[in-house]
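These notes concern the structure reproduced below.
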């Protein structure tokens, strides 16, 4: 079977693209590893028109429900690992199988950046976490470290101070980059210790995380910090290598698109945070998803 | 007997619970942010300090491992 369109990604861009494609009666398959991505971690969204205040989880659930009210095939919990050409069509492969379509929209968003240090992968879920809103409650009365002193790190620390006994915020650069207002809020809790010029080198433990090793970049000396949790908040990254045979990636791995969401290969479109657009917002991603679906519809019409 | 250990705001927990609901599978939804005893139980059973964890008739599933869940529940 050949689909008209395969959408890769289940965030606001992919879901909106799915809604538009379904309304255009395209035979559509949407494949996603998870729903919502980054937005599920937003405790409060106050800039989605029509809704004054809503949590990211509630908003994504509404979006999923809206999407599923249309005729669209969905594969969830699946990660796409390859995108290739087959004549005029495209082959999308996940761990399960290969699917063929006349057009593809890449809307996989961004994922948390990793440190690539020993112990990080090994202790994932065993003290290492990329999601404080998910896992903070596990660290009641424990000492934890947040890697990254930007707003993401400060937000992570704010989730953690509700539970943890002590929170270290470790920043690689010479100063914390996060907003002073958030920093003040954290200082007021009396639980937070800020450290700059810190290069984290290793996460250690047996069954669970027990400590981390860092180098003080001023003195070049190594130190060991006893913590049971390590929350990594060093920004987001684009990961679209699965498509690199057919699309151009910029220096930071984003898919290069034109103003109508076309990539360098006609028939492959990209939308939302995975693309090289400047501003990353839920409402923008949704709009970009709509644009990509409309562009794909035109592309399919012209191909006939 | 199926137990899902989760917290209110984690992406994979939502996906996992939606998946079970869509397949009309009943489960006990345990919010470990509100229940410390269940939290300890979850960590001991799974060796995990991250959610979600599902206990399907004594078999532990870590994260939203759709294939393993399908196999254990004999779906499809």
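Need one word for the stretch A:241-304: rounded, prolate or oblate. Basis is the Cα gyration tensor (sqrt eigenvalues a ≥ b ≥ c); a/c below 1.5 gives rounded, then a/b vs b/c decides. Judged from the Cα gyration tensor, the stretch A:241-304 comes out oblate (a/c at least 1.5, b/c at or above a/b).
For chain A, averaging the sequence separation of C-alpha pairs within contact (under 8 Å, six or more residues apart) and dividing by the residue count gives a relative contact order of 21 percent.
As a rough footprinting exposure proxy, the listed residues A:159, A:260, B:31 were ranked by other beta carbons within 10 Å of their own, and the order from fewest upward is A:260, B:31, A:159. State the antiparallel share, in %, of DSSP beta bridges confined to chain A, rounding to the nearest 5. Percent antiparallel among DSSP bridges in chain A is about 45.
Computed over the stretch A:1-75, the P(r) tail beyond 20 angstrom holds 30 percent of alpha carbon pairs. Per residue, chain A reaches -7000 deg cm²/dmol at 222 nm when only DSSP H runs of four or more residues are counted, each adding -39500 (n - 2.57). Semi-axes of the equivalent ellipsoid for the stretch B:2-70, computed as √(5λ) from the eigenvalues of its C-alpha gyration tensor and ordered from largest down, come to 17, 13, 11 Å.
Peptides A:100-113, A:80-93 ranked from most to least packed by the mean count of surrounding Cβ atoms within 10 Å: A:100-113, A:80-93. Looking at the stretch B:2-70, the DSSP beta bridges with both ends there are about 65 percent antiparallel.
Pairwise Cα separations in the stretch A:139-291 fall into 10 Å bins from 0 onward with the following percentages, short to long: 11, 30, 24, 22, 13, 1. The fewest-to-most ranking of A:176, A:237 by surrounding Cβ atoms within 10 Å reads A:237, A:176. Arranged from fewest to most other beta-carbon atoms within 10 Å of their beta carbon, A:211, B:9, A:69 become A:69, A:211, B:9. If both residues of a DSSP beta bridge must be in the stretch A:128-232, then about 45% of such bridges are antiparallel. Rg/Rh for the protein assembly as shown stands at 0.98; both radii use Cα atoms, and Rh follows the Kirkwood definition.
A short reminder: the numbers here are calculations on the coordinates, not readings from a lab. What you see is a predicted model, and the numbers here were worked out from it, not measured in a lab. Using ideal geometry, Cβ is built from the backbone for each residue, glycine included, and neighbour counts are taken over all protein chains shown.
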